[in-house]
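Chemist: Have a look at this one.
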Amino acid sequence: MDLPLGYLRQGESSPSSTKLVCKLHKSLYGLKQALRQWYSKFSHVLINFGFLQSKSDYSLFTKGHGSSFVALLVYVDDIILTGPSSSVIAELKHFLHTQFKLKDLGCHKHFFGLEIAHSKTGIVFSQRHYTLQLLEDPGYLACKPTLVPMDPKLHLTATDGDLLPDITHYRRLVGKLLYLTLSRPDITFAIHKLTQFVAQPRLPHLQAVHHLLPYLKTSPGQGLLFSSTSSLQVRAYSDADWESCLDSRQSTIGFCIFIGDFLVSWKAKKQTTVSRSSAKAEYRALSSTASELIWLQQLLQDFHVKVDSPALLHCDNQVAIHIASNPIFHERTKHIEIDCHFVRERVTLGILKLLLIRSPY
């Protein structure tokens, strides 16, 4: 049986039962390997053009130094270019047009739901349109605003309250709110708590979500300002809430990192193990924060940004600072995993400097 060009034979039982499959010369959207093949092709072209692929973020490519520096960030098939020289960026655009079919959208103002505003004082990121759409879908666009994202006296558990008959509504809202944390660090802790109950949400959990939505109505355009005149001192604040989870008695850690006066990274997460003491929980929080700081410093090196050293890491637990700074506490730290002690190594090398801050409580 003769097969047309571009087809392969699948199955050899008989000519009548032969199945024909198409042999594609280009990958199509929807295929499992399409994204991988596209990224492999794109990165290969950039590296051959002289770009260096970042080890901190493999979607970041950089080239040149000083005024000829240019950075390229790719997400699937969306690309952001930046650099001090417009001629270098124009040259890169021309090269990419010779290799791929691209559409130049000019100065970026929107990127995956993020609204970007440029001014002489800096850059502002917000998700105003996304927030208003999030409020409009469940009918909360005309609700009365609230002052806090979550009641500080509220303690959610996995067993209190009735199970929701329809869990899709809760999961849909929490999923949308999770994406909003990209520009709203003020709701990160509340969303962190609510995501812990997506498996079996109950009525108190849904009520907490409905309390959070009016808070967003207070300032839907709130975002982050990255000032052009701020210093480059890296500062971080680390904290832990010991045994805060009423179901598993695990601690919740959190940190926020600033470059100068603007916030660049933040996180709230429940620890995977139970800490035997508050000092251990705080020390684990220091370890997570130090890991994020080291990654951020490596990323800044890819951008050729010189920051003030050492990075300042603030903590309100003096015992955790002593453990990280003084190796004589060996007897009290035998139960702590070795990977947590890399904080002490960074302090010894002068990369981090631990500072004690007084808790107001």
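The values are calculated or read from the model by the stated rules, or taken from the named source; none is laboratory data. Model, not experiment: these values are computed from the prediction. Here the Cβ positions follow ideal geometry from the backbone for every residue, glycine too, while neighbour counts run over all protein chains shown. Just so you know, the surface numbers come from the protein's heavy atoms only, side chains and all, with ligands and any DNA or RNA stripped out. Shrake-Rupley method; radii C 1.70, N 1.55, O 1.52, S 1.80 Å.
Chemist: Quick one: in the stretch 288-317, which of the residues that are under 21 Å from the mean Cα position of the chain (by Cα) and crowded, with 22+ Cβ neighbours inside 10 Å is farthest from THR62 (Cα to Cα)?
Modeler: Kept after step one, since they are under 21 Å from the mean Cα position of the chain (by Cα), are these residues of the stretch 288-317: 288-303, 305, 311, 313.
Those left that are additionally crowded, with 22+ Cβ neighbours inside 10 Å: 289-290, 293, 311, 313.
Working: THR289: 26, ALA290: 25, LEU293: 21, ALA311: 24, LEU313: 29 Å.
Once the filter is applied, the top-ranked residue is LEU313.
Chemist: Separate question: Mind checking which residues of the stretch 112-121 are assigned to a loop (DSSP other than H, G, I, E, B), more than 20 Å from the chain's Cα centre (by Cα) and either closer than 24 Å to TYR179 by Cβ or of a type in the set (Val, Ile, Thr) (or both)? Talk me through it step by step, then tell me what you get.
Modeler: Step one: list which residues in the stretch 112-121 are assigned to a loop (DSSP other than H, G, I, E, B), which gives 112-113, 120-121.
Now drop any that are not more than 20 Å from the chain's Cα centre (by Cα), which leaves 120-121.
Residue satisfying the conditions is THR121 alone.
Chemist: On to the next question. If you go through the stretch 70-85 one residue at a time, do you hit one that is at pLDDT 90 or above, surrounded by 13 or more Cβ atoms within 10 Å (Cβ to Cβ) and in a helix (DSSP H, G or I)?
Modeler: No, the stretch 70-85 contains no residue that is at pLDDT 90 or above, surrounded by 13 or more Cβ atoms within 10 Å (Cβ to Cβ) and in a helix (DSSP H, G or I).
Chemist: Does the stretch 88-111 include one or more residues that are open to solvent by less than 40 Å² (accessible area, probe 1.4 Å), in a loop (DSSP other than H, G, I, E, B), under 30 Å from ASP261 (Cα atoms) and not charged (D, E, K, R)?
Modeler: no
Chemist: Would you please list the contacts, defined by Cβ atoms under 6 Å and residues six or more apart or on different chains, that run from a residue in the stretch 84-111 that is within 15 Å of ASN48 (Cα to Cα) to a residue that is in a helix (DSSP H, G or I)?
Modeler: GLN99/VAL45
Chemist: Somewhere in the stretch 184-199, is a residue in contact with a Lys or Arg (Cβ under 6 Å, 6 or more places away or on another chain) and surrounded by fewer than 17 Cβ atoms within 10 Å (Cβ to Cβ)?
Modeler: First, the residues of the stretch 184-199 that are in contact with a Lys or Arg (Cβ under 6 Å, 6 or more places away or on another chain): 198.
Right, trim to surrounded by fewer than 17 Cβ atoms within 10 Å (Cβ to Cβ) and you get 198.
The answer is yes; a qualifying residue exists.
Chemist: Next up: Determine which single condition PHE258 fails, assuming it passes every other condition in (1) touching a residue at least 60 places away in the same chain (Cβ under 8 Å); (2) not in a helix (DSSP H, G or I).
Modeler: Status for PHE258: all satisfied but (1).
Chemist: If you check every pair at least six apart or on different chains, which have Cβ atoms under 6 Å apart with a residue in the stretch 316-334 that is outside any loop (DSSP other than H, G, I, E, B) first and a residue that is at pLDDT below 75 and among the hydrophobic types (A, V, I, L, M, F, W, C) second?
Modeler: ILE323/PHE329
One line per residue, one yes/no per condition, for (1) polar (S, T, N, Q); (2) modelled with pLDDT under 85:
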residue: TRP266; (1), (2): no, no
residue: LEU286; (1), (2): no, no
residue: SER291; (1), (2): yes, no
residue: LEU312; (1), (2): no, no
residue: THR333; (1), (2): yes, yes
residue: ILE338; (1), (2): no, yes
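Chemist: Could you please find all residues in the stretch 251-270 being surrounded by fewer than 19 Cβ atoms within 10 Å (Cβ to Cβ) and more than 12 Å from the chain's Cα centre (by Cα)?
Modeler: Scanning the stretch 251-270 gives PHE258, GLY260, ASP261, PHE262, LEU263, LYS269, LYS270.
Results for (1) part of a helix (DSSP H, G or I); (2) farther than 24 Å from THR252 by Cα; (3) not aromatic (Phe, Trp, Tyr), shown as yes or no for each residue.
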| residue | (1), (2), (3) |
| --- | --- |
| ILE123 | no, yes, yes |
| GLY139 | no, yes, yes |
| MET150 | no, no, yes |
| LEU154 | no, no, yes |
| GLY161 | no, no, yes |
| PRO165 | no, yes, yes |
| TYR179 | yes, no, no |
